[in-house]
Structures are given as C-alpha cells and as structure tokens.
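Encoded as structure tokens, the structure appears first; notes follow it.
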Amino acid sequence: MAQASISQKSSLAARRPGARFAWIGQGFLLLLALGVVYILVTSFLKDPMLFAQVVLSGLQLGFVYALIALGYTMVYGIVRLINFAHGDVFMVGAFVSYYAVARFQLHLWPQLVLKGLSPGAAVVIGSVTVMLLSMLVCMALAVVIERVAYKPLRDAPRIAALITAIGVSFFLEYYGALNFVFSPRFIPYQRPFEVVTFYVNNGIHQLQPGQAPPSGSLLFSNIFLIIMVASIGMQVVLQYLVRRTKIGKAMRASSVDKATARLMGINVDGIISFTFALGAAFAGLGGVLYAIAYPSINTLMGVLPGLKAFVAAVLGGIGSIPGAFVGALIMGQAEALTMGYISTPMRDAVAFTILILVLLVRPRGIFGEPEQEKA
Amino acid sequence: MLLEVKDLNVYYGAIHALQGISFDLEEGEIVTLIGANGAGKSTTLKTISGLLRPRTGTVRLRGEDLTSMPAQNIVKRGMVHVPEGRKIFAPLTVQENLEMGAYTRKDKAEIEGNMARAFKSFPRLKERMNQLGGTLSGGEQQMLAIGRGLMAQPKVLLLDEPSMGLAPILVEEIFAIIKAINAEGVSVLLVEQNALMALSIAHRGYVLETGTIMLSGTGQELLENPRVQSAYLGH
Ligand SMILES: Nc1ncnc2c1ncn2[C@@H]1O[C@H](COP(=O)(O)OP(=O)(O)O)[C@@H](O)[C@H]1O
Ligand SMILES: [Mg+2]
C-alpha cells in the first residue's frame with residue numbers, strides 16, 4: 001500500500017518536476033495579471049486622453065522595436081543564432097546618419113543639385129537619402145560581421161557563436177566609444193528635417209512653435225507618423241519578400257534544411273549574407289528614426305533597444321516574422337504604460353520581467369512552433 | 001564517359017567511410033549501387049553532389065572535374081541529387097518545393113512547362129499543390145522529391161533509396177517512374193537496399209561493402225551471382 005503510493009508520487013514528479021507547486025506559480029501569475037488589468041482600467045477611466053497619449057508613445061517605441069526585432073528573428077530563423085551585435089548595428093545606423101547630416105549636410109543635396117524642386121520634396125528626398133545611406137552601411141557591416149565572426153563557427157556548437165556575438169557587440173560598443181571613432185559622449189543629434197507636432201482637439205491642428213496645446217488634446221508628431229509608416233511598410237515588404245519571391249522562398253528552404261537547399265542549387269552562404277543584410281537594413285533605418293525621435297546618441301544607445309527587441313522576438317516566437325512585430329508592439333506598450341503609470345525607472349526592468357515570464361509560461365512565444373532540436 | 005568516379009577516399013573525422021571507390025555511369029544508363037546499411041552508399045552520393053569533400057580522388061562529369069566545386073554549381077552542370085529520406089521542405093507548399101527544384105533555371109516559361117510535366121507525371125501532387133510538403137504521405141513525399149529533382153532538368157539523377165519505407169505497391173510505382181525518367185534520356189545512379197528491384201531495372205550495378213566496391217557487373221550478372229543472392233537477395 002505504502003509502496004504503491006510512493007511509486008505513484010514519483011511517477012507524477014517524473015512527468016513534471018515541481019508540478020505539486022505549480023499552483024503557486026499560476027496563482028502568482030493570475031494576481032499579476034489582475035494587478036495589471038486593474039491599473040490599466042483605473043488609469044483609463046481616470047483620464048482617457050492621457051491614457052491614449054501613453055498608448056501613442058508606446059506605439060512609437062513598439063514600431064522602432066519591431067524594426068530591430070525583425071533582424072533578430074530572421075537571423076535566428078536561418079542560422080539559429082541570437083545575434084547580440086544587432087542592437088549595435090542599430091547604433092551604427094544612427095551615427096552614420098549623424099555624420100551624414102551634421103558633418104556633410106548630405107540631407108541638403110537636393111536643394112543644391114536639383115533646381116526648381118519644391119522645398120517639401122527636397123526635404124523628403126534629402127532625408128530618404130540619409131536613411132538609405134545608413135541602411136547601406138549597416139548592411140555592409142552586418143555582412144562583414146557574419147563573414148568574419150560567425151561563418152567560421154557555423155558548424156561549431158551554438159554556444160561558441162553566441163559568445164562571439166556578445167564579443168562583436170562589445171567590440172562595436174567600445175571601439176565606437178574611442179575618441180577618434182564616435183567618442184564616448186552623448187552627442188546631440190541633428191535631424192535631417194524639422195519635427196512638427198500636431199494636436200487632436202476638434203480636428204487635427206498643427207502646433208505652432210511656442211504654442212501650448214489646449215488642455216485635453218492628444219499630441220503626436222510627424223516623426224511618429226514616419227516611424228509607423230516605415231515599420232508597417234517594412235513588415236509588409238518583408239512578408240511579400242519571404243512569401244512570394246524566389247529569394248524569400250530560398251530563405252525559408254535554407255532555414256529548414258541547408259544541405260538539401262544546396263542540392264537545389266541554392267547558394268546558402270549567399271542567402272545567409274542576404275538575411276543578415278536585410279535585418280541590418282531594418283535596424284539601420286530604426287537607428288535613424290530612433291535618433292530623430294529621441295535626439296541624443298551614444299555608442300551604447302543600441303544596448304537597451306536591442307535587448308528589448310530581442311525580448312520582443314522571443315515573446316512573439318523567435319523565427320516568426322509576424323511574431324516579432326506583435327511582440328515589439330506589446331513591448332512598446334509595456335514600457336510606455338510602465339513609464340506612465342508605475343515608474344519611469346521601471347521601464348527597462350519590465351522588459352526583462354516579460355522575458356522571464358515568457359520563458360516560464362510559454363518559451364516558444366506567441367506564434368512560435370515548438371523547437372525541434374536537430375538529431 | 002558521362003560520370004566518372006575515381007579512387008574516392010572520404011573520412012568523417014577518423015572514420016574512413018569510402019576507401020578508394022571507382023565506378024562510372026555512361027550516357028543513358030541506370031547504374032545501381034547496392035549495399036547494406038552503413039556501407040557508404042549515401043556518402044558516395046553526397047561526395048559526388050558536392051555536399052562532402054573527398055580527401056583524395058576525383059569526380060568528373062563529361063570530363064570536367066567537380067571535386068572541389070560547391071554543390072550549387074554542380075546542380076547547374078546538370079547533375080541533381082535526390083537525398084535519402086526525401087528531405088521535403090516541410091513548411092513550404094508542394095508548389096514551392098517544386099519551385100526550389102527549379103532554383104537554377106532562369107527561363108520562366110520553361111519552369112512552368114516543367115512544373116506542368118511534373119504534375120502530369122504525378123497527378124497526386126497537383127491535387128495537393130497548395131498543401132504544405134510536411135503534410136504529404138511517405139509515397140507522395142518521394143514523388144515530390146523526385147519531381148523536385150527533375151525541375152532542374154538534370155542529365156544525371158542521383159537517387160538515394162527512393163523505395164525506403166514505402167509499401168510494396170508504391171515501390172513498384174517508384175521503380176516504374178525511374179525507368180520512365182531514364183527512357184526520356186536521363187542517366188540514373190540509383191542507390192538501393194532493395195537489391196532485387198534495383199538490379200532488375202539497372203543496366204549495371206556495383207556492390208558496396210564497408211566503403212569498398214566488392215563486385216560489379218550487369219544487373220543480370222549480379223542477380224545470378226551466388227554471393228549477391230545470399231547476402232542481398234535472401235536466397
Ligand atoms: N555524419 C557522419 N558522421 C560520422 N560518421 C558518419 C556520418 N555519416 C555516415 N557516417 C558513417 O559512414 C559510414 C557510411 O555511411 P552511409 O554512407 O550513410 O551508409 P549507407 O548510405 O550505405 O547506409 C557508416 O559507417 C556511417 O556510420
Ligand atoms: Mg544511406
């Protein structure tokens with residue numbers, strides 16, 4: 001009798017270690033969820049306009065994180081590597097645009113070269129040029145990083161490449177911080193175009209410089225709109241690329257089975273380079289937009305957005321492109337709501353709390369498939 | 001000589017998997033490589049198709065040395081390897097799998113023609129065109145694997161155990177398909193454990209044992225060879 005009950009207990013434990021205490025964890029999660037819902041509901045009821053303002057600022061962060069998270073998830077999808085240097089590529093994107101604008105006035109070229117252009121068109125073309133330059137430099141950088149640091153380790157244990165990625169990240173951050181590179185200081189960022197703020201109050205109006213918005217109005221800027229359009233646009237471009245184009249299908253095939261992809265005649269090394277370049281282009285664009293929105297840059301500026309985008313990719317299900325997007329929007333909201341209603345210094349801590357919760361509750365993330373380790 | 005394999009030595013670390021293998025394939029032939037599990041059949045095909053590098057030895061296709069050529073360029077030369085275990089891209093649709101087979105082809109109209117031909121030879125694939133590759137049955141996956149290989153319009157087809165794990169009726173079907181492909185002018189190097197079926201459709205065959213070729217001859221000769229009969233035909 002006693003024998004039987006012992007063996008039953010141990011078989012339960014074997015099925016799920018610690019299952020006896022699972023209710024404590026579940027109860028804790030439930031309380032946490034209830035607490036969050038309570039704070040959100042009461043905050044919304046107290047001042048719906050303020051709540052909308054907070055959500056808007058969360059969207060702005062989320063759209064930037066989405067641009068970074070796409071690179072994490074694509075690279076993971078194809079080489080099963082968390083590319084921790086990705087946040088630093090984002091930083092390089094911001095710095096390239098800084099030099100292009102502040103040192104070389106690249107954003108002004110249309111006014112000088114293309115006569116008879118309307119001033120508005122000149123600003124758009126000039127700013128887009130700066131963004132494209134940043135994207136191109138980031139693409140080249142990522143391709144070099146992959147070739148030099150990751151490719152030689154492709155058949156090594158995964159931990160070797162992961163540690164190398166952390167090394168590359170430190171390399172970019174601290175060589176970037178040298179005085180003759182980017183310098184260790186926080187540098188005021190010069191934008192390629194002016195920020196225009198709008199307020200919503202019986203229609204949409206432009207806020208004039210020095211004007212205080214009427215109380216109870218919702219504020220947003222042209223930068224918010226640009227970030228939203230860029231982020232959603234890149235998501236659409238990427239979906240189209242991966243689903244419909246030959247190279248996108250080759251990316252998916254290579255991510256499933258590299259040897260068989262090569263038997264199809266696919267140059268898998270080329271596809272991997274392309275994937276790194278694509279992710280870096282999005283991160284570079286994100287870096288420029290982030291610097292325009294939050295105009296102070298530093299060689300460590302990519303660390304936290306990079307880590308948050310990584311959490312976003314894990315939350316969405318690493319390897320999943322829509323997952324990265326959804327995860328990033330959630331991360332943006334979590335951060336903005338924390339800043340707005342709990343405390344500003346908690347904004348970063350909340351990201352890592354989410355990471356821990358995801359790993360505990362659903363390690364494969366929202367859209368992720370259960371990982372099948374290769375035999 | 002269409003395909004000439006000379007004195008291949010291939011290692012996995014310290015394991016000497018192929019110990020000096022030589023054989024050839026003439027234009028229009030079906031040549032089979034038979035042997036027990038672990039004899040080195042798949043290693044031979046992987047070396048020919050460029051997935052593995054031999055330590056010594058050469059692989060020549062129409063006289064051109066392929067020994068250090070990347071796998072993707074070998075496909076462009078007209079030699080396609082259909083790997084053991086089908087290796088269908090599970091999250092890609094049937095149609096996308098076929099498109100990947102045509103990766104090296106540039107001419108859109110020609111690709112569409114080949115796709116139509118694949119669907120004609122394998123009507124079951126047409127019905128499942130938009131289904132994910134991973135949802136097909138074993139037999140359907142094998143047809144897709146062969147159809148995908150043919151999308152590159154190969155002159156030489158390397159087939160690794162196409163009958164593996166299939167019901168007898170499907171095995172018959174697969175071998176009939178191989179004969180039909182060969183009749184259209186594609187030379188076939190067929191690796192099989194099903195020695196009886198393979199030798200009965202092959203012009204010539206080689207018997208592989210632990211990384212060396214023990215016997216060779218026409219299909220008929222090998223079928224009648226007492227050693228082959230006792231070791232591979234269960235007589
Ligand atoms: N990736 C590998 N690493 C180490 N040894 C291998 C590997 N693949 C095959 N082998 C060994 O090489 C030999 C030949 O294998 P293989 O070519 O797959 O045989 P077959 O296809 O005839 O069954 C076997 O002894 C096998 O264990
Ligand atoms: Mg084999």
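The values are calculated or read from the model by the stated rules, or taken from the named source; none is laboratory data. Since this is a predicted model, take the numbers as computed values, not measurements. For neighbour counting, all protein chains shown are included, and Cβ atoms are generated from backbone atoms with ideal geometry for every residue, glycine included. In case anyone asks, the SASA skips ligands and DNA or RNA and just uses the protein heavy atoms, side chains included. Shrake-Rupley method; radii C 1.70, N 1.55, O 1.52, S 1.80 Å.
Here is how the numbers come out for the structure above:
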{"read-out": "B:ARG60 versus A:ILE24: modelled label distance in nm, points set 7 Å from Cα along the beta carbon direction", "value": "7.4"}
{"read-out": "Computed over chain A: relative contact order in percent, which uses C-alpha pairs under 8 Å that are six or more apart", "value": "30"}
{"read-out": "Accessible surface, per residue, of the stretch A:154-217 when the full set of protein chains is kept, probe 1.4 Å, Å²", "value": "67"}
{"read-out": "Charge dipole (debye, nearest 20) of the stretch B:92-235; +1 at Cβ of Lys and Arg, -1 at Cβ of Asp and Glu", "value": "340"}
{"read-out": "Candidates per chymotrypsin sites (Phe, Trp or Tyr not before Pro) in the stretch A:23-57, loop by DSSP, up to 15 other Cβ within 10 Å", "value": "none"}
{"read-out": "List of the stretch B:80-96 residues, accessible area with partners at least 40 Å² below that of the chain alone (1.4 Å probe)", "value": "B:PHE89, B:LEU92, B:GLU96"}
{"read-out": "Near-label residues of the stretch B:155-179 by backbone N, under 17 Å of a point 7 Å along Cα→Cβ of B:ARG124", "value": "B:162-179"}
{"read-out": "Efficiency of FRET between B:ALA90 and A:LEU178 - r from beta-carbon atoms, R0 56 angstrom, step 0.05", "value": "0.70"}
{"read-out": "Taking only Cα atoms of chain B, radius of gyration then Dmax in Å", "value": "17.2, 52"}
{"read-out": "Cα shape, chain A, gyration tensor, a/c 1.5 rule", "value": "oblate"}
{"read-out": "Surface accessible to a 1.4 Å probe, per residue, for the residues of chain B, Å²", "value": "42"}
{"read-out": "Antiparallel DSSP beta bridges within the protein assembly as shown, percent to nearest 5", "value": "60"}
{"read-out": "Where labels lie 7 Å past Cα in the beta-carbon direction, separation of A:GLN211 and A:LEU114 in nm", "value": "2.9"}
{"read-out": "Length added when fully stretched, B:ALA14-B:ALA183, from 0.36 nm per residue minus Cα-Cα", "value": "56.7 nm"}
{"read-out": "Computed helical MRE - 222 nm, the protein assembly as shown, DSSP H runs ≥ 4 contributing -39500 (n - 2.57), nearest 500", "value": "-18000 deg cm²/dmol"}
{"read-out": "Full-extension gain in nm, B:GLU26 to B:LYS6, via 0.36 nm per residue minus C-alpha separation", "value": "5.8 nm"}
{"read-out": "List B:LYS179, A:LYS246, B:LYS120, ordered by accessible area with a 1.4 Å probe, largest first", "value": "B:LYS120, B:LYS179, A:LYS246"}
{"read-out": "Sequence-distant residues sharing a close amide H with B:GLU209 (under 5 Å, placed H)", "value": "B:MET214"}
{"read-out": "In the A-B interface, the accessible area buried, summed over both sides, Å² (probe 1.4 Å)", "value": "1900"}
{"read-out": "Cα centroid separation, the stretch A:248-264 to the stretch A:141-177 (Å)", "value": "23"}
{"read-out": "Estimated distance in nm for a label pair at A:VAL229 and A:ARG154, the labels positioned 7 Å out from Cα along Cα-to-Cβ", "value": "3.9"}
{"read-out": "Residues of the stretch A:260-304 with amide N under 15 Å of the 7 Å Cα→Cβ point at A:ARG185", "value": "A:296-299"}
{"read-out": "Relative frequency of Cα-Cα separations exceeding 15 Å in the stretch A:262-342, percent", "value": "69"}
{"read-out": "Residues with amide H under 5 Å from that of B:GLU29, placed H, sequence gap 5 or more", "value": "B:VAL188"}
{"read-out": "Heavy atoms of A:ASP348: accessible area, 1.4 Å probe, square angstrom to 10", "value": "40"}
{"read-out": "Lys/Arg +1, Asp/Glu -1 at C-beta; chain A dipole; positive extreme among A:ALA261, A:GLY116, A:VAL144", "value": "A:ALA261"}
{"read-out": "Heavy-atom accessible surface of the protein assembly as shown: percent carbon and sulfur, 1.4 Å", "value": "63"}
{"read-out": "For A:ALA142, net neighbour charge (Lys/Arg +1, Asp/Glu -1) across residues whose Cβ lies under 15 Å away", "value": "-1"}
{"read-out": "Sites A:LEU45 and A:THR344, calculated FRET efficiency, Cβ-Cβ separation with R0 22 Å, nearest 0.05", "value": "0.50"}
{"read-out": "Solvent exposure, largest accessible area first (probe 1.4 Å, DNA, RNA and ligands not counted), of B:LEU158, A:LEU30", "value": "A:LEU30, B:LEU158"}
